[in-house]
Amino acid sequence: MNSAHILTAFDRDLEALQAHFLKLSGLTEQALLDASKALESLDLPAAERVILADRSIDELEEFIQMEAASLIARRAPTASDLRRVLAVMRASHSLERVGDYAKNVAKRTRQIAQSAPVDGHAGTIRRMSTLVTKMLDEATRALVQKDAQLAEAVRKRDLDIDQMYNTLFRSLFTYMMESPANIGPSMHLHFIAKNIERAGDHATTIAEQALYLATGVMPSDPRPKAETPAT
């Protein structure tokens, strides 16, 4: 009877932890979308809101880490239960890093707003952000639901992000060659695109953790990666 009570208490605590984790995912996804939209429209007040919102992301991630550590100490989960708690801790850190990338996008938007416009490229970055946010949403749901099929689908889409980044890199390089005045804003856009590509890597990392939870085995095959253009 006592063991059943402990199990129920652990399940309740784990559900609460996962709810905070999904909230963190939602905050980071929104930050990335808002940052890319602010970039496309050069909306500086919107960019400032993204920068300020990063504090909420950091605080929630820290709360999740503390709650997860407390859960381990109080409930002493073993085997698969312990792996689930640790996976949430690791994935939460990945989400916090995505929040930092969104903040970086917003900060560079300040600089780009003072330069000559780089037509078309901000729209491509927004499309990259939209795809990455979908990957983050599906990866975090796959982890909570232990859905191997959904996690594998996210992992495969990392290739799409790499290809979009490579195409944008080549376009920006050509644009820089046309005029020295294009170099500054193009470099900012390149670093922004790299941040979003790295956010996609974090989504893939979460998906791989979800695969491990669902199957007990980490993917042995290398991630599908597009060939990186020479710099």
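Annotation note: of 32, 22, the sole residue that is aliphatic (A, V, I, L, M), under 23 Å from residue 112 (Cα atoms), assigned to a helix (DSSP H, G or I) and under 15 Å from the mean Cα position of the chain (by Cα) is 32. So is residue 70 part of a helix (DSSP H, G or I), of a type in the set (S, T, N, Q) and under 27 Å from residue 19 (Cα atoms) or not? Considered against the rule, which asks whether it is part of a helix (DSSP H, G or I), of a type in the set (S, T, N, Q) and under 27 Å from residue 19 (Cα atoms), residue 70 comes out as yes. Once segment 1-35 is narrowed to residues that are modelled with pLDDT under 95, in contact with a helix residue (DSSP H, G or I) (Cβ under 7 Å, 6 or more places away or on another chain) and not aliphatic (A, V, I, L, M), the residue that is nearest to residue 99 (Cα to Cα) is 13. If you check 140, 174 for being without any contact (Cβ under 8 Å) to a residue 40 or more places away in the chain, closer than 23 Å to residue 195 by Cα and of a type in the set (Val, Ile, Thr), only one passes: 174.
When each of 214, 226, 230, 181 is tested for being out of contact with any strand residue (DSSP E or B) (no Cβ under 7 Å at 6 or more places or on another chain) and modelled with pLDDT of 90 or more, the lone residue that passes is 214. Residues in segment 35-86 that are farther than 22 Å from residue 25 by Cβ and charged (D, E, K, R): 40, 43, 48, 74, 75. Among the residues of segment 142-157, not a single one is closer than 21 Å to residue 34 by Cα and crowded, with 20+ Cβ neighbours inside 10 Å.
The values are calculated or read from the model by the stated rules, or taken from the named source; none is laboratory data. The shown structure was predicted, so the numbers you read here are calculated from the model rather than taken from an experiment. Here Cβ is always computed from backbone atoms with ideal geometry, including for glycine, and neighbour counts include all displayed protein chains.
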